[in-house]
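Take a look at the structure below.
The values are calculated or read from the model by the stated rules, or taken from the named source; none is laboratory data. The shown structure was predicted, so the numbers you read here are calculated from the model rather than taken from an experiment. Virtual Cβ from ideal backbone geometry, glycine too; neighbours counted across all protein chains shown.
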Amino acid sequence: MTKRAEQGLATRERLVAVATELFGERGYEATSIEAVLEAAGVSRGSLYHHFPSKEALFEAAMQAVETRVGEATLAASEGITDVEASLRAGCLAWVQLAGDPVVQRIILVDAPSVLGWQRWREIEEEHALGTLKLAMALAAAEGRIPRDLVDVFAHALLATMNELAFVIVRSDDVEAAQRTAAGAVDELLGRLLGPRS
């Protein structure tokens, strides 16, 4: 990689990191391009070289947060060989992350309105759906769910986890909402992947 390309990548990463912090603290509407430029210490031309609009910068920030969430949920289930226990660990990690103000603000509050519901769903699916499909395929291979329901169950679990996150976001008592959501995860996965009659 050339020096110029390295500098360009460093500038882009700096812009995304600063924007993520500001969007997380202030929200999309209250974060101006000028605030990002000032905090990042870059020129307007540099910003627009990498991002054609504030919305594009926000999408990059969301992608960065989604990547962090994905890494955390995968790390939570690392080394767990039982599919139900692995899914539970990943889902519980998401329940905890849903209490993070940056995750809440960027992924759950602002993204659906800034990017539109369709694009928000596409990004959510890019980051989480593949992992859930893999887990459901493993569950099907163990005879825990019907093979023809792998895809639909992966979608259903993704939707459920997002809805639990929205409950946490809207709660006046985040910790209590997280405890309730954790209990719901245990109950749901036990029923979905427990012994079949």
Requested in this report: Collect the residues in region 43-68 that are among the hydrophobic types (A, V, I, L, M, F, W, C) and either in contact with a helix residue (DSSP H, G or I) (Cβ under 6 Å, 6 or more places away or on another chain) or at pLDDT below 95 (or both), keeping them in residue-number order.
Outcome: L47, F51, L57, F58, A60, A61, M62, A64, V65
Report summary line: Expected single match for in contact with an Asp or Glu (Cβ under 8 Å, 6 or more places away or on another chain), surrounded by fewer than 18 Cβ atoms within 10 Å (Cβ to Cβ) and over 19 Å from E122 (Cα atoms) among G41, G27 is G27
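For the subset of region 47-78 comprising residues that are among the polar types (S, T, N, Q) and surrounded by fewer than 17 Cβ atoms within 10 Å (Cβ to Cβ), which member is farthest from A98 (Cα to Cα)?
S53
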Report summary line: Of the residues in region 1-27, those that are part of a helix (DSSP H, G or I), farther than 16 Å from F51 by Cβ and of a type in the set (A, V, I, L, M) come to A5
Query raised in the report: Regarding A139, is this residue over 30 Å from E55 (Cβ atoms) and surrounded by 12 or more Cβ atoms within 10 Å (Cβ to Cβ)?
Result: yes
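Would it be correct to say that A184 is in a helix (DSSP H, G or I) and exposed (fewer than 12 other Cβ atoms within 10 Å of the Cβ)? Reasoning before the result, please.
Details: in a helix (DSSP H, G or I): yes; exposed (fewer than 12 other Cβ atoms within 10 Å of the Cβ): no.
No, not satisfied.
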Query raised in the report: What tally of residues in region 74-101 results from selecting those that are assigned to a loop (DSSP other than H, G, I, E, B), without any contact (Cβ under 8 Å) to a residue 24 or more places away in the chain and under 24 Å from V169 (Cβ atoms)?
Result: 2
Report summary line: All conditions in (1) surrounded by fewer than 16 Cβ atoms within 10 Å (Cβ to Cβ); (2) among the aliphatic types (A, V, I, L, M); (3) in contact with a Ser or Thr (Cβ under 9 Å, 6 or more places away or on another chain) are true of A93 except (1)
Report summary line: Over region 28-61, the set of residues among the small types (G, A, S), on the phi < 0 side of the Ramachandran plot and not in a helix (DSSP H, G or I) is A30, S32, S43, S53
Query raised in the report: Looking only at region 142-176, which residues are touching a residue at least 24 places away in the same chain (Cβ under 8 Å), part of a helix (DSSP H, G or I) and among the hydrophobic types (A, V, I, L, M, F, W, C)?
Result: F153, A154, L157, L158, M161, L164, A165, F166, I168, V169, V174
**Report entry** Sole residue being at pLDDT below 95 and basic (K, R), chosen from R26, R4
**Finding:** R4
**Report entry** Where E71 falls short, out of the listed (1) of a type in the set (D, E, K, R); (2) under 23 Å from W120 (Cβ atoms); (3) in contact with a helix residue (DSSP H, G or I) (Cβ under 9 Å, 6 or more places away or on another chain); (4) part of a helix (DSSP H, G or I)
**Finding:** (3)
